[in-house]
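I have placed the structure first, in the form of structure tokens, so that the comments after it can refer back to it.
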Amino acid sequence: MKYDSEISRRRTFAIISHPDAGKTTLTEKFLLFGGAIQTAGAVKSNKIKKHATSDFMEIERQRGISVATSVMSFEYKNTLINLLDTPGHKDFAEDTYRTLTAVDSVILVVDGVKGVEEQTRKLMEVCRMRDTPVIVFINKMDRDGKNPFDLLDEIEKELSIHLHPLSWPINMGKDFKGVYSLYDKSLLLFQPNQKVAIEESVKVDDLSVPLLDELIGEKDARQLREDAELFHGVYGEFDQQVYLEGKTAPVFFGSAINNFGVRELLDTFIRISPEPRSRPATARTIDVHDDRFSGFVFKIHANLDPKHRDRIAFLRVCSGKFERNKFYHHVRLDKDVRFSNPYSFLARDKDVIEQAFAGDVVGLFDTGNFKIGDTLTEGEDFYFTGIPSFSPEIFKEVVNKDPMKTKQLEKGLNQLTDEGVAQLFTQHNGNRKIIGCVGDLQFEVIQYRLLQEYGASVQFNPLPFYKACWLVSDDKKKLEDFIRFKTANVVNDKDGQLVYLAQSEWFLNTEIANNPDIQFLFSSEIQK
Ligand code: G4P
């Protein structure tokens with residue numbers, strides 16, 4: 001309870017979107033408001049440029065730069081905001097999914113012209129798994145897009161989430177005049193190409209006042225009144241509690257590039273979004289207000305310089321106070337560890353920190369002691385749960401091209417998969433090693449890093465699998481029968497859990513139908 005005031009002023013969240021919807025632009029505007037950067041364009045280096053998609057070294061280099069912007073902490077109106085960055089590139093989706101386990105809420109950016117896109121769907125699925133509260137920002141209102149009612153319908157249907165608009169656009173494209181904030185009952189007028197971060201809104205408590213006609217013209221005022229009546233009927237009153245339970249997503253409209261509607265979004269965000277929350281663990285739910293320190297590693301970033309093998313483990317503090325140079329219990333290794341140079345992430349600079357509180361993310365130098373999901377405590381033995389692995393989409397067999405380097409290869413594969421770069425499976429009752437990734441690019445990264453960092457040379461042979469399912473059953477006999485019968489498709493993951501590799505949706509559905517006593521899970525908790 002000692003740290004309640006620190007906890008209540010923290011907000012830890014991620015901005016997620018399909019690439020190009022405007023995540024980087026919105027992030028940058030937030031940082032400008034928070035005073036963390038002074039000029040527009042400062043965050044761009046964090047973005048993996050489109051032209052570089054075939055050049056993985058360039059992507060890795062850019063990702064190296066992005067370590068510094070992996071977490072951006074800044075103060076805004078006495079709130080300490082920890083904004084966790086997620087890679088836009090789909091080949092790094094697994095990284096994004098894991099980052100979502102470390103946040104308390106998200107802002108989802110949707111391109112108002114394109115509507116719901118592929119990555120948006122996947123990211124929302126992950127949010128739904130954890131009932132993460134979501135705020136939707138519909139961007140690019142300065143361009144001609146879909147009718148807002150249709151767009152909201154589409155988002156609700158495609159993402160299976162209830163929406164509740166807290167602002168409403170007045171036209172769009174070249175006729176875009178601004179938004180009416182249903183939360184503040186004020187009108188925000190749009191001035192294109194407004195580069196400065198200050199906009200003034202006009203209080204309009206009652207939409208029937210003639211002032212509205214003066215401000216936006218008779219026709220648009222009439223339309224806004226009609227729309228308002230309609231959405232009051234459809235959406236009713238906003239209930240913050242339902243948002244906090246992850247069941248309704250408030251919606252804002254704006255234009256990030258024009259810095260429009262961004263401040264309203266940020267102001268409302270700090271008012272309604274959740275402060276750091278209690279988290280489930282193996283022993284019990286760890287109360288965020290517990291004075292004893294606890295935290296878990298959700299991301300590991302390798303140093304790309306082969307001369308420095310060290311890595312950075314990102315630790316989310318879940319309770320108590322983290323202190324520099326204090327010994328903490330590394331639960332999986334059952335040993336005490338301390339950190340002399342933990343750092344916080346303040347915009348683009350890394351600063352050594354003395355202390356951190358629940359909601360904060362601390363960067364820890366690691367020489368190979370951490371893997372994703374590791375828990376640090378003040379002595380108690382428990383693990384935070386809910387840090388799953390998701391099914392990879394591409395599978396390849398590892399072929400060792402240099403038998404003299406077998407040991408190095410084993411070590412390299414183990415360390416790289418601890419980082420979460422890919423998942424490693426081993427043939428059940430055999431030694432064949434299979435790597436599963438979300439994107440093809442990862443194979444190039446692994447091949448390159450195995451050679452550079454471990455001196456191991458490999459080749460990858462494609463395998464005809466499309467999904468991995470973790471097998472669970474209370475009926476041991478049925479499970480054994482299944483394994484015997486499907487030997488070629490059954491592997492073990494790194495934690496020894498049984499995994500079925502399906503060739504196609506048809507095969508998978510057939511097996512699910514034929515084996516009602518076996519559960520086929522599409523994600524697994526990361527086990528120790
Ligand atoms: P991402 O991180 O989600 O991938 O998107 P990013 O912010 O990089 O934005 C993608 C493109 O959309 C950028 O243009 C950006 O300028 C533009 N954009 C962002 N917000 C708005 C908006 O409100 N209205 C309009 N019309 N465009 C917007 P680009 O040409 O790809 O890049 P750049 O040359 O501007 O950097």
- How large is the charge dipole for the chain, taken about the Cα centre, if only the Cβ atoms of Lys, Arg (+1) and Asp, Glu (-1) carry charge, to the nearest 20 debye? 1700
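Quick one: net charge of residue 357's neighbours, Cβ under 15 Å, K/R +1, D/E -1?
Residues close to residue 357 contribute a combined charge of -1.
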- Query: Among 310, 85, 336, 20, what's the order by accessible area (1.4 angstrom probe), most exposed first?
  - Reply: 336, 20, 310, 85
- Any chance you could give the angle, 0 to 90 degrees and rounded to 10, that helix 56-66 forms with the longest Cα principal axis of the chain? 60
- In debye to the nearest 20, the charge dipole size for the range 390-525, taken about the Cα centre with +1 at each Lys and Arg Cβ and -1 at each Asp and Glu Cβ, equals 500
- Query: Can you list the aspartates and glutamates whose alpha carbon sits under 20 Å from that of residue 77, skipping same-chain ones fewer than 8 residues off?
  - Reply: 4, 6, 28, 104, 184, 199, 200, 264, 267, 275, 360
- Of 268, 503, 171, which is farthest on the positive side of the dipole of the chain, counting Cα position, with +1 on Lys and Arg Cβ, -1 on Asp and Glu Cβ, and the Cα centre as origin? 503
- For 406, 86, the accessible-area ranking with a 1.4 Å probe, largest leading, is 406, 86
- Message: Compute the helix-to-body angle for 23-33: its Cα long axis versus the longest principal axis of the chain, expressed 0 to 90° and rounded to tens.
- Response: 60
- Longest principal axis of the chain (C-alpha) makes with the long axis of helix 148-159 (C-alpha) an angle, in degrees to the nearest 10, of 20
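Using heavy-atom solvent-accessible surface (probe 1.4 Å) with all chains present, what is the largest-first order of 162, 329?
162, 329
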- Message: Counting only other residues whose beta carbon sits under 15 Å from that of residue 520, what net charge do I get with K and R as +1, D and E as -1?
- Response: -3
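Might you report the magnitude of the Cβ-based charge dipole of the range 279-377 about its Cα centre, with Lys and Arg at +1 and Asp and Glu at -1, to the nearest 20 debye?
That gives the range 279-377 a dipole magnitude of about 280 debye.
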- Query: Can you list the aspartates and glutamates whose alpha carbon sits under 17 Å from that of residue 407, skipping same-chain ones fewer than 8 residues off?
  - Reply: 418, 453
- Item | Charge dipole of the range 278-435 about the Cα centre (unit charges at C-beta), most positive-ward option of 369, 428, 280 | 428
- Item | Phi-based couplings in Hz for the range 382-395 (Karplus 6.51, -1.76, 1.60; Gly and Pro marked x) | 7, 10, 6, 9, x, 10, x, 9, 9, 5, x, 10, 10, 10
- Query: Accessible area of residue 76, 1.4 Å probe, to the nearest 10 Å²?
  - Reply: 20
- Query: How are the Cα pair distances of the chain distributed, in percent, across 20 Å bins from 0?
  - Reply: 21, 52, 25, 3, 0
- Compute the semi-axes of the equivalent ellipsoid of the range 251-403, taking the square root of 5 times each eigenvalue of the Cα gyration tensor, and list them largest first in whole Å. 29, 24, 19
- Across the range 420-437, in residue order, what do the Karplus-derived ³J(HN,Hα) couplings come to in whole Hz, using 6.51 cos²θ - 1.76 cosθ + 1.60 with θ = phi - 60° and x for Gly and Pro? x, 5, 7, 10, 10, 10, 10, 3, 5, 6, x, 10, 4, 9, 10, 9, x, 9
- Tell me, what is the percent relative contact order of the chain, built from C-alpha pairs under 8 Å that lie six or more residues apart? 14
- Per residue, the convex hull enclosing the alpha carbons of the range 390-525 has a volume in Å³ of 99
- Message: Can you work out the Karplus-derived ³J(HN,Hα) for every residue in the range 438-452? Use 6.51 cos²θ - 1.76 cosθ + 1.60 with θ = phi - 60°, whole Hz, and x for glycine or proline.
- Response: 8, x, 4, 3, 4, 5, 5, 4, 5, 4, 5, 5, 4, 6, 5
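The values are calculated or read from the model by the stated rules, or taken from the named source; none is laboratory data. Small disclaimer: the values here were computed from a predicted structure and weren't measured. Ideal geometry is used to build each Cβ from the backbone, glycine not excepted, and the neighbour counts take in all protein chains shown. When the accessible area is computed, the model is the full protein with side chains, heavy atoms only, and any ligands, DNA or RNA have been set aside. Shrake-Rupley method; radii C 1.70, N 1.55, O 1.52, S 1.80 Å.
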